[in-house]
Amino acid sequence: MQEKGEDYKSLKEMVTIGEILKKASAFEQSAFNFYSTLKVSKRLRPLVQDLAKEEQSHLDLFQTLSKHPDLENHIADLVKVPASDHRFSDYILLPKQDDFRDEQAILQYALGREQVAMQQYDSLAKETPPGPIQDLFRFLANEELEHKKELEKWYYEIVHSGGV
Amino acid sequence: MKSILAPLKALSFLGREPVTLPIAPRPAAPNYRGFHINDWEKCIGCGTCATICDNYAIRMVDIKDLSSDPIKGIKPRRPAIDYGRCCWCALCVDVCPTGSLALSREYVHIGLDLNTFFILPDEKGMHGLGFPKGWAKSSDSDLLDLKRQPIPELTAKERQDSFVEIVQGFDDQTALLEASRCIQCGMCHDACPTHMHAPEYIRAIWAGELEEAVQQIYRTNPLANVCGRVCTHRCETACSIGVRGKAISIRWLKRYAMDKVSHERIKQIASKGRNTIESGKKVAIVGAGPAGLTAAYDLARQGHAVTIFEALEKPGGMMRYGIPEYRLPYDKIDEDIDVIESMGVDIRCNVHIGHQMASLENDFDATLIAIGLHGGRSTRVPGTDHPHVYSAIDLLRRLTLKEKIEVKKKIVVIGGGNVAFDIARSLARLQRNLFGEVKVVITALEDRENLLASPVEVKEANEEELQLFTSRGPRRCVVKDGTLMGLETVRCISIFDEQGRFHPKYDDSDLIFHEADMVVEAIGQAPQLDFLGDELTERLEWDKRGRPVINQGGCTSEPWLWAAGDVVEGPDVIHAIAAGHRVANSIHQYLSIK
């Protein structure tokens, strides 16, 4: 019984590549929806539109990847659920719009998302054996890191340098 | 007898082998003044060599592929020598501020084409043969004075418990000596955002013509008392003397000229060239900071009726409400503003525009938004919502307004820029008066070498016994049972990534708790644009940093509305002045055809 329980537990801690990609798509979709529907003054709209555009490009990337022949053969492969998964999942739920009163709050939220996504893909890459799936997660982690750096640049310019 | 036989002596040479000297040149002396060599890496293209040459033998030639950086004082041009004119006096070498120019020991050039006597020397010399150096700059021959005249200022003990101005200014003798160091290269002019005629006013100071100096200053800067004290002096960064020595004290020389000429005379000088014929056009300016005041000055001089609406009780904007009096006395701001008002500018203080922008659109021919960044940014780390966590900008404003501030015994300031040091040093003065001792800590994200505050601020804060912790990132304000206990910081390993993007990395294991009952945040500033109202905000175009989109002349997407200064360019007085001129010119053109 004991052994069966452990098997069951470890199975629960596993997830298929297909499910991961589905969740990742939901993550990006939720971000796109959030930025697209965020009610801000026109002054903040260019920033929010830019963020939405970036998330749309991530979403498109997932659509393309899910149809890639290299990945189709691995869609049912199992990967260990990373520790960051719950935080990643939390971001699929949209926050209250009232919390976003200025550009600093919007950027802090966006930076938080990128950080969690980067950690998620990085952990998944570590849990995956070398091959196309690991390459995919490394690529995604790097994409999120680059986007985070870009956001940090904006953050510095807007928050620390008075907008210049 | 000897003289009679002397001609016969010549007969003794008959039949001797003739002596022929070789045509090849003999080696020149170590200090020989041969053809020029110029180290292009060192040369900044200042053109001082060309200016000093009495024979007009040197001409500066623009080089297409060379980099240009006016801010650092680098021009994309190099000296070309005309050997039909050069007399090898080597004054060009002796005056060269960088030491890039020297003379070689090469001295033979034969050619029928006269153009080959006009050359652009590099480090390999005239024929690319790499001859050794001949006459070069030495401490004996150097015509430049590389040492700066010291500026008298109060000692830490004399100043640390008051807001009395620290810098005392040059006396006549030191001002003359300092002005005499200038080589008139004009690099400062190019680097200055408003292109002040610094070589001209320094020359006038050197000649003892101080009214002429003031006239030169007023050609581009109506806030000269202010800039003579707190300008970020890009001119000095670009100063060619600064390549090997200490840059000319251009800012202090400006201040000297302004301090020496009476205020009434300055008003007369400034009024020269003012158009006394009224244009009949009305311009509204929101905000009496440096951009608004400069634009008002220019527009009033052009005959337009200018009204400035200022929300605070006195004009000056961040110059008055963001800079402590020990750096910029209020009476000096008042003097500059008085000159501007004497042009006919109407300044109405304590006027909050609120949502009346529409009335400005209707009642005036043009409107300029020239507000400063009066909102303080917060790190928003946990605990910063505590009532004893303050914004530096708010506190500086309250200090100027003489509002009561509950100064605590232990204060931590977050930030490494001038605002952080301004508020920290101001609070330290109050602490010393209240408690007889100073306990102010400044925590900056940057390391000591890369602090954003000016080195003078850092040095003076240290002299005034403030503690500075560099490479520290705020983690949280520690609050226990509702009481602020202090600030936790972690070590910042690096702030920017390899591409120069802001990407701070921290070492969470290196944690310091700074005990404090008051925390002040000085990490950045924000504009307060609510007064525009929803309707106008919707009509305007904005960029992704939340600034109104403007064209080159500062006009927004609304043809009647301009924006200038900190709200579009970030906090800096001299940039705001430059922007003020730019928008005034644009508005004047608009009004001329309206």
| note | Lys and Arg at +1, Asp and Glu at -1: neighbours of B:Val438 with Cβ under 14 Å from its Cβ sum to +3
| request: Could you work out, for the stretch B:36-119, what percent of all Cα-Cα pairs fall into each 5 Å distance bin, beginning at 0 Å and stopping at the bin that holds the largest distance? | output: 3, 14, 25, 25, 18, 10, 4, 1, 0
| query | Cα gyration tensor of the stretch B:274-357, axes a ≥ b ≥ c as square roots of the eigenvalues: rounded (a/c below 1.5), prolate (a/b > b/c) or oblate? | reply | oblate
| note | With every protein chain in place, the residues of the stretch A:101-128 shedding 40 Å² or more of accessible area versus the chain by itself (probe 1.4 Å) are A:Gln104
| field | Euclidean distance between Cα centres, the stretch B:328-352 to the stretch B:103-121, Å | value | 61 Å
| task | With an 8 Å cut-off on Cα pairs and a minimum separation of 6 or more residues, tell me the relative contact order of chain B in percent. | result | 12 percent
| task | For the protein assembly as shown, with all protein chains present and a 1.4 Å probe, just round the carbon and sulfur fraction of the accessible area to a whole percent. | result | 52 percent
| request: Please work out how much accessible surface A:Val15 shows to a 1.4 Å probe, ignoring ligands, DNA and RNA, in Å² rounded to 10. | output: 30 Å²
| note | TM-like helix rule applied to chain B (DSSP H, alpha carbon span at least 24 Å on the long axis, mean Kyte-Doolittle at least -0.5) gives B:418-435, B:573-593
| task | Anything losing 50 Å² or more of accessible area from the isolated chain to the full protein assembly: pick those residues out of the stretch B:489-535, probe 1.4 Å, ligands and DNA/RNA ignored. | result | B:Arg501, B:Phe502, B:His503, B:Ile523
| message | Checking an interface number: how much accessible area is buried between A and B, summed over both chains, with a 1.4 Å probe, in Å² rounded to 100? | response | 2700 Å²
| remark: Projected area averaged over all directions for the convex hull of the alpha carbon atoms of the stretch B:461-594, nm², comes out at 13.5 nm²
| request: Please count, across the stretch B:208-351, the pairs of lysine residues with Cα atoms under 14 Å apart that sit 8 or more places apart or on different chains. | output: 4
| remark: Rg/Rh of the stretch B:156-270 (Cα atoms, Kirkwood Rh), to two decimals, equals 0.97
| DSSP bridge pairs, chain B: antiparallel proportion in percent, nearest 5 | 55 percent
| Where q = 0.07, 0.09, 0.11 Å⁻¹, what log10 of I(q)/I(0) comes from the Debye formula for chain B, counting one point per Cα? | -0.55, -0.84, -1.14
| note | chain B accessible area per residue, 1.4 Å probe, protein heavy atoms, integer Å², reads 47 Å²
| Under a point-charge model restricted to the Cβ atoms of Lys and Arg (+1) and Asp and Glu (-1), what is the dipole moment magnitude of the stretch B:155-227 relative to its Cα centre, in debye to the nearest 20? | 200 debye
| request: At 4 °C and 1.567 mPa s, grab the translational diffusion coefficient of the stretch B:377-525 from Stokes-Einstein with a Kirkwood Rh over Cα pairs, rounded to a whole number in µm² per second. | output: 84 µm²/s
| query | On average, how much area does the Cα convex hull of the stretch A:2-160 cover when viewed from any direction, in nm²? | reply | 10.4 nm²
| note | hull vol. (C-alpha, convex hull) per residue for the protein assembly as shown, Å³ -> 296 Å³
| message | I want to check the label-to-label distance for B:Lys157 and B:Phe513. Put each point 7 Å from Cα in the C-beta direction and report it in nm to one decimal. | response | 3.8 nm
| message | Tell me whether the stretch B:405-485 comes out rounded, prolate or oblate; compute the Cα gyration tensor, take square roots of the eigenvalues as a ≥ b ≥ c, and use a/c under 1.5 as the rounded threshold. | response | oblate
| query | Cα centroids of the stretch B:435-452 and the stretch B:503-537: how far apart, whole angstrom? | reply | 16 Å
| query | Of the beta bridges DSSP finds with both residues in the protein assembly as shown, what % are antiparallel, to the nearest 5? | reply | 55 percent
| field | Positive dipole terminus of the protein assembly as shown, leading residue within B:Asn362, B:Gln215, B:Asn433 (C-beta point charges) | value | B:Gln215
| Which whole number in µm²/s is D for the stretch B:333-433 by Stokes-Einstein, with the Kirkwood Rh taken over Cα pairs at 37 °C and 0.692 mPa s? | 192 µm²/s
| remark: For the stretch B:258-318, the Cα convex hull volume per residue in Å³ comes to 99 Å³
| said: Run the reach check for A:Lys153 against lysines, Cα to Cα strictly under 26 Å, same-chain hits fewer than 8 apart removed. What comes back? | reply: A:Lys39, A:Lys42, A:Lys53, A:Lys96, B:Lys72, B:Lys505, B:Lys544
| At a probe size of 1.4 Å, how large is the accessible area of B:Cys49, to the nearest 10 Å²? | 10 Å²
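The values are calculated or read from the model by the stated rules, or taken from the named source; none is laboratory data. Keep in mind the model is a prediction, meaning the values are calculated, not measured. Glycine also receives a Cβ, built like all others from the backbone with ideal geometry; neighbour counts cover every protein chain displayed. Side chains included, ligands, DNA and RNA excluded: accessible areas come from the protein's heavy atoms. Shrake-Rupley method; radii C 1.70, N 1.55, O 1.52, S 1.80 Å.
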